[in-house]
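Student: Here it is, the structure, as structure tokens.
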Amino acid sequence: MTQEQLDTLLARVTTPARYAGGEWNMCGKGDAFLRVCLCFPDVYEIGMSHLGSRILYEILNAREDTLCERAFAPWTDMETALRETGLPLFSLETRRPLAAFDLVGFSLLYEMCYTNILCMLELGGIPLRAAERGESHPIVLAGGPCTVNPEPIAPFFDAVLVGDGEEAIAEIADAMVAAKRDGLTRAETLRALGKIEGIYIPSAPRRVRRRVVRDLAAVPYLEKPIVPNMGITHDRVSLEVMRGCGRGCRFCQAGYIYRPMRERAVPALLEQAQKLVDCTGYDEVSLLSLSTGDYTGIHELLPNIMDSMAAQKVSVALPSLRVDSLLAEDFEKMRSVRKAGLTFAPEAGTQRLRDVINKNITEEDLLRAVGDAFSAGWSGVKLYFMMGLPTETDEDLLGIADLTQKVFRKYKETPPHLRGKGLRITVSVSTFVPKPHTAFQWCPQISREEILRRQRLLFDAFRQVKGAELKCHSSPVSLLEAAFSRGDRALAEVLESAYRAGARFDSWTERFSQSAWDEAFAERGLTAEQYAHAAPALDDPLPWDHIDVLVTEEYLAREYERALAGALTGYCRDGCNGCFGKDCKAFCEVAQ
Amino acid sequence: MKIFTAISKGQAAAYTSHLDFQRVLQQAARRAKLPLAYSQGFSPHPLFAFATALATGYSSDGEWVEMELIEDLSPKDFIKRLNAQLPPGLRAVQAMVAPLTAKSLASGMEAALYGIVLDCNASIAEDAVRAAFAGILADTEILHEKKGKGGLSMVNIRPQILELRLLAVSGSTVFLRAKGVLTAAGGLRPEFLVKTVLERLQVNGTARVHRERICFSRDSAVF
């Protein structure tokens with residue numbers, strides 16, 4: 001694409017920086033033997049916030065034989081501009097059409113981006129279905145957490161990588177280079193890819209085991225990340241301190257599919273933080289993991305990193321702290337930094353229901369943590385809850401309002417000279433979506449009418465609660481998310497129909513098209529409800545049975561039964577619970 | 001000390017919005033380890049002041065910025081260190097130590113020169129352009145609707161047009177240069193001028209706008 005063509009396109013869109021490229025640390029090699037384009041099926045500012053694809057970008061570009069570029073979902077104005085000009089969707093670096101790459105990889109982080117995949121393929125000049133692609137077309141690969149149930153998108157992909165990508169992507173690149181050098185056919189190339197551990201070939205289904213990086217220190221981390229020319233959602237240095245979580249919240253897919261817990265060493269993290277701040281110029285570092293408070297080196301890391309960063313006017317953010325891991329002393333250390341909002345996730349309003357979901361947090365834990373935060377000068381608190389969890393009653397829901405009221409009182413009890421001014425409690429209530437490979441994979445989502453009834457109940461209850469704002473998630477999107485997360489291959493047809501009917505960016509409320517989806521389901525004689533509300537028996541076959549994520553089916557069934565009995569399962573570091581079954585010792589240090 | 005610097009914005013950086021340009025420049029200055037002075041408070045930020053903003057999509061030969069430093073640095077070193085860290089399309093082209101008595105850059109601005117390339121949807125005769133320009137300059141009032149904080153308002157752009165010259169016409173492409181008022185309080189918006197010219201030529205088209213120079217008053221430090 002020429003500069004003139006690009007200018008013509010960019011003159012027609014609201015946020016041209018999304019498509020302009022030219023960022024600091026962008027790969028400028030231009031070409032190599034193997035061309036890979038990493039695609040993110042959402043807009044630039046969200047895609048560039050995804051750590052995983054940025055690590056893969058650097059790993060691939062570090063190879064002499066490989067070029068890796070990026071493409072993002074075009075916003076609707078750009079899609080229109082591309083269709084009207086007949087220009088193809090292009091990579092940001094060299095502005096090549098997607099069809100000009102050997103390998104096109106998509107990161108799938110949530111189901112509601114699936115229609116954007118189809119849009120990107122079509123605009124990029126690649127046939128939507130793997131079966132329609134010929135020898136000249138790229139191999140289309142999927143990765144990311146959604147691949148633990150690849151069936152609803154299976155026909156659109158030639159290959160699917162399940163699990164950690166750092167080691168697998170190198171093997172994939174090796175296989176692709178060899179295939180191109182030796183002139184292998186498409187079918188032969190796919191057979192070669194299928195031999196790589198963690199790769200699933202949808203046209204030749206077989207049981208596949210999730211890929212796990214055993215030692216994070218042995219694989220590359222970010223060295224020189226791209227610094228976007230526009231503000232993005234997570235606009236800071238991301239430092240992954242740990243992968244995996246051993247808490248075992250029963251609804252949480254990430255908690256199961258990223259096991260085992262693997263930590264990075266404190267000195268390595270301090271060194272990485274400095275290196276990344278130096279080469280990006282960012283003024284904020286964020287410590288990432290599913291539960292940063294569980295990182296064993298946290299009390300060594302925190303004071304060190306805060307001191308060294310403060311001297312350079314760099315602030316440190318700590319998302320994902322568990323309520324019970326928060327200590328008054330951590331707050332004291334953070335006293336000197338910006339008071340960004342604190343987030344707590346009790347997830348359920350009563351102890352009974354928190355026991356069902358294995359969220360080992362008590363009301364006392366939460367109120368103490370909130371009280372400590374208020375005393376350290378915070379005045380903004382976000383509380384995350386879920387609605388429609390298995391066994392939930394109206395009493396559990398009303399518990400959300402009750403707990404929020406107690407948080408408000410805690411603020412009032414905090415001496416005014418300690419607490420910050422202007423209390424803001426935001427209560428965010430999402431609708432429970434049953435996810436594959438969790439203890440709740442057998443549980444139905446509540447009906448649309450029931451979602452609305454419970455939301456009304458909540459809003460009514462919150463009229464009595466002072467100082468809090470209640471936000472609930474849209475029910476049609478939750479229903480669709482539930483259908484696709486536990487969907488089978490038949491949903492691929494629905495997906496394509498909905499895409500043809502104009503569905504795009506389905507997680508963006510203002511873009512969500514109910515009619516497109518209703519028609520698409522009706523056309524195939526299916527309903528979203530039959531998937532979302534399904535309650536299979538423990539021994540029924542499930543569409544994702546062939547994906548082995550290491551956590552065993554038996555363990556999940558046991559957790560499901562313990563949930564219904566309200567029995568807690570301990571933190572895995574306090575004693576192995578046997579989630580990997582016979583593979584515990586081979587894959588997890590805790591079990592050794 | 002304070003440094004006055006001009007940063008050029010080439011086509012590769014033209015789509016960086018003004019807000020993002022500020023961020024990008026701060027990040028580059030941090031990577032360059034310039035001895036930046038910071039504001040006080042919980043979220044300290046480098047003390048930069050931009051003379052004016054440039055609309056997204058426009059390029060420029062020099063956008064002026066004031067940067068407060070806590071150590072002395074020669075303008076030559078400043079330029080060298082900053083340029084080693086600026087992303088494609090951005091370049092520090094000029095720098096000077098601000099005299100202690102210097103007023104802000106914004107307060108010294110008077111006008112700006114723009115080079116504009118119009119791509120029209122029909123071929124254009126040179127005489128038609130000359131006639132259109134003469135017509136524009138002969139007018140006393142050319143009104144455009146402006147979206148501001150208080151909603152829509154009408155602005156007369158004619159007094160803001162100081163010079164309007166045709167450089168060349170080639171097929172459906174018109175090359176022109178305009179000098180417009182530009183002060184701290186505002187000035188000519190090139191997109192209004194473009195709209196006026198296209199209207200007078202009775203064609204549709206797109207424009208590429210390049211700010212060639214910001215003109216400062218005679219008593220300004222960067223004149």
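Student: A:A11 fails exactly one of the following numbered conditions: (1) open to solvent by 10 Å² or more (accessible area, probe 1.4 Å); (2) on the phi < 0 side of the Ramachandran plot; (3) at pLDDT 95 or above. What is the number of that condition?
Tutor: Failed condition: (3).
Student: So which residues in segment B:135-162 are open to solvent by 80 Å² or more (accessible area, probe 1.4 Å), within 26 Å of B:E63 (Cβ to Cβ) and of a type in the set (D, E, K, R), if there are any at all?
Tutor: B:K147, B:K149
Student: For segment A:178-217, what are the residues that are free of Cβ contacts under 8 Å to residues at least 24 places away in the same chain and assigned to a loop (DSSP other than H, G, I, E, B)?
Tutor: Across segment A:178-217, the qualifying residues are A:D182, A:G183, A:L184, A:K195, A:A204.
Student: Now for a separate question. Give segment B:29-43 a look and list any residue that's surrounded by fewer than 17 Cβ atoms within 10 Å (Cβ to Cβ) and either away from chain A (no Cβ under 11 Å) or assigned to a loop (DSSP other than H, G, I, E, B) (or both), or say none.
Tutor: B:K33, B:P35, B:A37, B:S39, B:Q40, B:G41, B:F42, B:S43
Student: A:T85 versus (1) under 27 Å from A:M176 (Cα atoms); (2) open to solvent by 20 Å² or more (accessible area, probe 1.4 Å): which is the lone unmet condition?
Tutor: Of the numbered conditions (1) under 27 Å from A:M176 (Cα atoms); (2) open to solvent by 20 Å² or more (accessible area, probe 1.4 Å), the odd one out for A:T85 is (1).
Student: Quick one: is B:V65 under 24 Å from A:Y282 (Cβ atoms) and more than 14 Å from chain A (Cβ to nearest Cβ)?
Tutor: yes
Student: Any residue at all in segment A:4-11 that is in contact with a Lys or Arg (Cβ under 7 Å, 6 or more places away or on another chain), under 30 Å from A:L216 (Cα atoms), part of a helix (DSSP H, G or I) and within 14 Å of chain B (Cβ to nearest Cβ)?
Tutor: Among the residues of segment A:4-11, not one is in contact with a Lys or Arg (Cβ under 7 Å, 6 or more places away or on another chain), under 30 Å from A:L216 (Cα atoms), part of a helix (DSSP H, G or I) and within 14 Å of chain B (Cβ to nearest Cβ), which makes the answer no.
Student: Across segment A:218-230, which residue is most open to solvent (accessible area, probe 1.4 Å) among those that are part of a loop (DSSP other than H, G, I, E, B) and within 14 Å of another protein chain (Cβ to nearest Cβ)?
Tutor: A:K224
Student: List, please: which pairs have Cβ atoms under 8 Å, are six or more places apart or on different chains, and start with a residue in segment B:10-28 that is closer than 12 Å to B:G89 by Cβ and at the interface with chain A (Cβ under 7 Å from one of its Cβ atoms) and end with one that is assigned to a helix (DSSP H, G or I) and open to solvent by 40 Å² or more (accessible area, probe 1.4 Å)?
Tutor: Correct list of pairs: B:Q11/A:Q3.
Student: Just a yes or no: is a residue in segment B:46-54 facing another protein chain (nearest Cβ under 7 Å) and not aliphatic (A, V, I, L, M)?
Tutor: no
Student: Now, a different point. For segment A:385-404, state whether one or more residues are part of a loop (DSSP other than H, G, I, E, B), polar (S, T, N, Q), at pLDDT 95 or above and more than 23 Å from the chain's Cα centre (by Cα).
Tutor: Within segment A:385-404 (the criterion being part of a loop (DSSP other than H, G, I, E, B), polar (S, T, N, Q), at pLDDT 95 or above and more than 23 Å from the chain's Cα centre (by Cα)), the answer is yes, since at least one residue qualifies.
Student: Looking at segment A:370-394 only, could you name the residues that are touching an Asp or Glu at 6+ places or on another chain (Cβ under 7 Å) and either aliphatic (A, V, I, L, M) or open to solvent by 10 Å² or more (accessible area, probe 1.4 Å) (or both)?
Tutor: Across segment A:370-394, the qualifying residues are A:A376, A:Y384, A:M386.
Student: Right, another one. Checking A:L193 against (1) open to solvent by 10 Å² or more (accessible area, probe 1.4 Å); (2) in contact with a strand residue (DSSP E or B) (Cβ under 8 Å, 6 or more places away or on another chain); (3) under 25 Å from A:E151 (Cβ atoms), which test does it fail?
Tutor: Against the list (1) open to solvent by 10 Å² or more (accessible area, probe 1.4 Å); (2) in contact with a strand residue (DSSP E or B) (Cβ under 8 Å, 6 or more places away or on another chain); (3) under 25 Å from A:E151 (Cβ atoms), A:L193 comes up short only on (1).
Student: Test of understanding: among B:A207, B:A184, B:A221, B:A178, which residue is among the aliphatic types (A, V, I, L, M), more than 14 Å from B:G108 (Cβ to Cβ), open to solvent by 20 Å² or more (accessible area, probe 1.4 Å) and out of contact with any Cys (no Cβ under 8 Å at 6 or more places or on another chain)?
Tutor: Within the list B:A207, B:A184, B:A221, B:A178, the selection yields B:A207.
Student: Next question. Wholly within segment A:19-104, which helices (runs of 4 or more DSSP H) include no fewer than the required count, namely at least 3 residues that are within 14 Å of another protein chain (Cβ to nearest Cβ) and in contact (Cβ under 8 Å) with a residue 60 or more places away in the chain?
Tutor: Here the list reads A:76-85.
Student: Just one of B:L86, B:L82, B:L100 is of a type in the set (A, V, I, L, M) and either in contact with an Asp or Glu (Cβ under 7 Å, 6 or more places away or on another chain) or outside any loop (DSSP other than H, G, I, E, B) (or both); which is it?
Tutor: Answer to the selection: B:L82.
The values are calculated or read from the model by the stated rules, or taken from the named source; none is laboratory data. Only a predicted model underlies this, so the values are computations on that prediction, with no experimental measurement involved. Quick reminder, even Gly has a Cβ in these numbers, built from the backbone with ideal geometry, and neighbours come from all protein chains shown. These area figures cover heavy atoms from the full protein model, side chains too; ligands, DNA and RNA do not enter into them. Shrake-Rupley method; radii C 1.70, N 1.55, O 1.52, S 1.80 Å.
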